[in-house]
Amino acid sequence: MNTVVELMCAHRSIRQFAQQPISPGQLEQILLAAQSASSSSFLQAVSVIRVKDMAKRHQLVRLCGEQAYVASAAEFLVFCIDFHRHRSLVPTAKTGYIEQLLIGAIDAGLMGQNALLAAESMGLGGVFIGAIRNDPEGVSQLLDLPELVVPLFGLCLGYPAQSPDLKPRLPLQLVLHEEQYQAPDPCQFAAYDALLAHYYRGRGETGPVRGWTDQLEKILSKEARPFMFDYLKRRGFALK
Ligand SMILES: Cc1cc2nc3c(=O)[nH]c(=O)nc-3n(C[C@H](O)[C@H](O)[C@H](O)COP(=O)(O)O)c2cc1C
């Protein structure tokens with residue numbers, strides 16, 4: 001493995017941070033790396049909002065399900081899909097298509113991962129915050145987001161104050177399909193369930209042993225964020 005691949009494979013989310021700032025030079029490099037990600041049709045359909053103000057950070061903690069690290073991280077960045085910029089430049093631009101939502105979401109994901117990886121290469125750590133979508137109207141108001149701008153995820157960054165174990169991923173043979181899709185055999189997941197249960201126990205979790213399948217049953221037993229479709233339509237997305 002070369003050092004870049006080693007770094008990628010050593011990723012773990014960091015949720016406890018030292019009280020040490022990220023230098024302006026480091027942050028600039030992280031954002032340059034983020035912007036260097038590929039962009040679908042080169043639309044560059046993403047804006048990043050850096051939230052420094054601690055009063056706002058504490059409001060974001062509340063809006064993100066009381067995740068304290070949104071405030072304790074040295075930096076908090078909100079990655080937003082942004083077609084407002086395009087509409088400002090080209091007032092006749094046609095917007096509102098599901099495909100544009102996909103384009104923006106993919107661009108943002110690529111940028112976010114580049115940002116986190118760049119940070120990790122500097123000895124920093126971080127965690128994405130999908131809970132930024134728990135109350136998207138509240139976040140939109142707090143960050144003064146115009147129409148055609150939607151917050152997709154946050155990113156906490158800072159110097160790690162913890163060293164969590166690596167979280168085991170699915171075995172590659174269950175993810176990689178040769179030539180054509182191969183329907184999964186549920187029996188093949190038993191060993192992975194056991195591995196993940198072992199990982200959770202190692203994290204000090206008590207209670208019933210949880211594997212990946214148990215997690216899926218819980219998470220997929222109900223619709224997540226049922227307000228999202230209407231919110232997106234109000235922001236000018238997912239109309240057609
Ligand atoms: C888009 C996205 C949103 C996430 N949202 C949260 C979040 O709100 N809170 C959190 O603690 N972790 C969040 N995570 C982190 C995942 O829980 C974590 O990546 C996953 O459990 C794998 O663990 P690892 O990153 O340590 O390998 C998010 C990850 C992604 C990619």
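The values are calculated or read from the model by the stated rules, or taken from the named source; none is laboratory data. Treat the numbers as computed from the prediction; the structure is a model and nothing was measured. Every residue, glycine as well, gets a Cβ built from its backbone with ideal geometry; the counts of neighbours run over all protein chains shown. These accessible areas exclude ligands, DNA and RNA; they are computed on the full protein's heavy atoms, side chains included. Shrake-Rupley method; radii C 1.70, N 1.55, O 1.52, S 1.80 Å.
Before moving on, here are some points about what is shown:
- Annotation: amide H of Phe17 within the under-5 Å range of Ala161, sequence separation 5 or more or interchain, hydrogens built in the peptide plane.
- Neighbour-limited loop hits for chymotrypsin sites (Phe, Trp or Tyr not before Pro), the stretch 156-213 (at most 14 other Cβ within 10 Å; DSSP other than H, G, I, E, B): Tyr181
- Carbon and sulfur %, accessible surface of the stretch 3-164 computed with the full protein complex present, 1.4 Å: 56 percent
- When only alpha carbons are used to place a centre, the stretch 36-99 and the stretch 107-152 end up 6 Å from one another.
- Charged-residue dipole, Cβ positions (Lys, Arg, Asp, Glu), the stretch 3-164 about Cα centre, Debye nearest 20: 120 debye
- Extent along principal axes [Cα atoms of the chain; Å; largest to smallest]: 55, 45, 38
- Loop-resident sites, the stretch 52-83, for trypsin sites (Lys or Arg not before Pro), counting at most 11 other Cβ within 10 Å (DSSP): Lys52
- Partners of Lys94 within straight-line reach, counting lysines whose Cα lies under 26 Å from its Cα and excluding those fewer than 8 residues away in the same chain: Lys233, Lys240.
- Degrees, to the nearest 10: 190-202 long Cα axis against longest axis of the chain: 80 degrees
- The angle separating the long axis of helix 54-63 from the principal Cα axis of greatest extent in the chain is about 60 degrees.
- The stretch 1-91 shape via C-alpha gyration tensor axes, a/c threshold 1.5: oblate
- Reachable lysines, given that their alpha-carbon falls under 28 Å from the alpha-carbon of Lys167 and they are not under 8 places away in the same chain: Lys218, Lys222
- Burial order of peptide ranges 20-28, 128-136 (average beta-carbon count within 10 Å, highest first): 128-136, 20-28
- Under-5 Å amide H pairs with Ile129, H placed in peptide plane, nonlocal only: Gly154, Leu155, Cys156
- Solvent-accessible area per residue, Å², over the chain with all protein chains present [probe radius 1.4 Å]: 58 Å²
- Most to least packed among 218-227, 30-39, 104-113 [average Cβ atoms within 10 Å]: 104-113, 30-39, 218-227
- Val209 long-range amide H proximity, modeled H, under 5 Å: none
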